[in-house]
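What follows is a set of notes on a single structure, which appears directly below.
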Amino acid sequence: KNEVEQSPQNLTAQEGEFITINCSYSVGISALHWLQQHPGGGIVSLFMLSSGKKKHGRLIATINIQEKHSSLHITASHPRDSAVYICAVRAGGGADGLTFGKGTHLIIQP
Amino acid sequence: DVKVTQSSRYLVKRTGEKVFLECVQDMDHENMFWYRQDPGLGLRLIYFSYDVKMKEKGDIPEGYSVSREKKERFSLILESASTNQTSMYLCASSSPRQGSETQYFGPGTRLLVL
């Protein structure tokens with residue numbers, strides 16, 4: 001069973017700061033997801049990665065398959081980025097569900 | 001836009017009651033999932049289904065069953081609710097046909113078992 005570790009668990013930063021959230025996993029995977037959960041519960045998928053790097057607006061996700069590590073970066077952070085960010089991995093190529101990290105609670109202060 | 005809906009946002013039930021949580025998706029997705037989310041534990045997979053009438057156990061299936069009679073609907077059943085099943089329940093769907101297998105989540109059902 002894959003173990004997914006995220007760091008930090010909690011992060012408070014000032015508006016405009018560059019944010020990095022890390023995720024490491026123990027077993028080889030077919031894909032890694034970054035998800036965002038706002039207060040109230042709704043979860044949105046930000047990225048799905050199997051190699052390299054993806055960028056969407058101010059969000060950048062990278063993955064290093066050899067090191068079993070991924071990072072999520074937020075440039076020019078804004079209070080509306082405040083949310084829980086969750087890393088999740090899928091081991092198989094079938095319909096297997098995801099294994100999740102415990103999440104990083106991010107607060108961006110104005 | 002993919003839409004995943006869940007039958008209730010909040011639900012209060014008594015110990016021993018049979019509870020049905022319904023999930024419906026409108027994008028013809030093959031795969032559907034039920035997760036529960038608890039503080040300090042994160043999200044955990046209860047059951048998933050990759051086709052009508054097919055189901056697979058996830059990491060924590062004990063005390064739960066599921067039903068997938070139609071492609072768009074995936075039901076989670078608590079045969080005899082217990083207080084340790086108080087949790088946030090999230091449904092998700094995905095499709096291998098779309099290449100990315102991004103999972104789309106419903107808004108969640110917060111269940112309280114008294």
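Taken together, the values in this text are just the output of simple stated rules run on the coordinates, not laboratory data. For clarity, every value in this text was computed on a predicted model and none was experimentally measured. When we count neighbours, we look across all protein chains shown, and the Cβ atoms used for this are built from the backbone with ideal geometry, even at glycine.
Of the residues A:ALA88, A:ALA61, A:ALA13, the one that moves most in a GNM of chain A with alpha-carbon contacts below 10 Å is A:ALA13. Peptide B:86-96 shows a mean partner chain C-beta count of 2 within 10 Å per residue C-beta. Couplings 3J(HN,Hα) of the stretch B:10-19, computed from phi: 9, 8, 10, 10, 9, 3, x, 6, 8, 10 Hz, in residue order, whole Hz [Karplus 6.51 cos²θ - 1.76 cosθ + 1.60, θ = phi - 60°; x for Gly and Pro].
For the residues of B:101-107, the average number of beta carbons from a partner chain within 10 Å of their own beta carbon is 6. Note that the stretch A:77-84 has calculated 3J(HN,Hα) couplings of 4, 9, x, 6, 7, 4, 4, 9 Hz, one per residue in order, obtained from phi through the Karplus relation 6.51 cos²θ - 1.76 cosθ + 1.60 (θ = phi - 60°); glycine and proline are x.
With N the number of residues in chain B, Rg(Cα) / (2.2 N^0.38 Å) evaluates to 1.01. Each principal axis of the Cα atoms in chain A has its own extent, and those three values, largest first, are 42, 28, 21 angstrom. A DSSP coil position with no more than 12 other Cβ atoms inside 10 Å describes the following chymotrypsin sites (Phe, Trp or Tyr not before Pro) in the stretch A:14-50: A:PHE18. Largest first, the three principal axis extents of the alpha carbons in the stretch A:1-49 are 36, 21, 17 Å in whole numbers.
Using +1 at the C-beta of Lys and Arg and -1 at the C-beta of Asp and Glu, which of B:PRO39, B:CYS91, B:ALA81 has the Cα lying farthest in the positive direction of the dipole of the stretch B:34-114? The one lying farthest along the dipole's positive direction is B:CYS91. Backbone amide hydrogens, once placed in the peptide plane, bring B:THR86 within less than 5 Å of B:VAL113, excluding anything fewer than 5 places away on its chain. Taking amide H as placed 1.01 Å from N in the peptide plane, the amide H of B:GLY58 sits under 5 Å from that of B:TYR47, B:PHE48, each at least 5 places away or on another chain. Distance from the alpha carbon centroid of the stretch A:1-28 to that of the stretch B:54-114 works out to 26 angstrom. For the protein assembly as shown, the calculated P(r) over all alpha carbon pairs, in 5 Å bins from 0 to the bin holding the longest distance, is 1, 7, 15, 19, 19, 16, 12, 7, 3, 1, 0 percent.
Shielding of peptide A:39-51 by partners, expressed as the average count of other chain Cβ atoms within 10 Å per residue Cβ, is 4. Within the stretch B:23-67, the trypsin sites (Lys or Arg not before Pro) that combine a DSSP coil assignment with at most 13 other C-beta atoms in a 10 angstrom radius are B:LYS53. Say we join alpha carbon atoms closer than 10 Å with springs in a Gaussian network model of chain A; which of A:HIS33, A:HIS73, A:HIS56 then has the biggest fluctuation? Evaluated over chain A, the most mobile residue of the options is A:HIS56.
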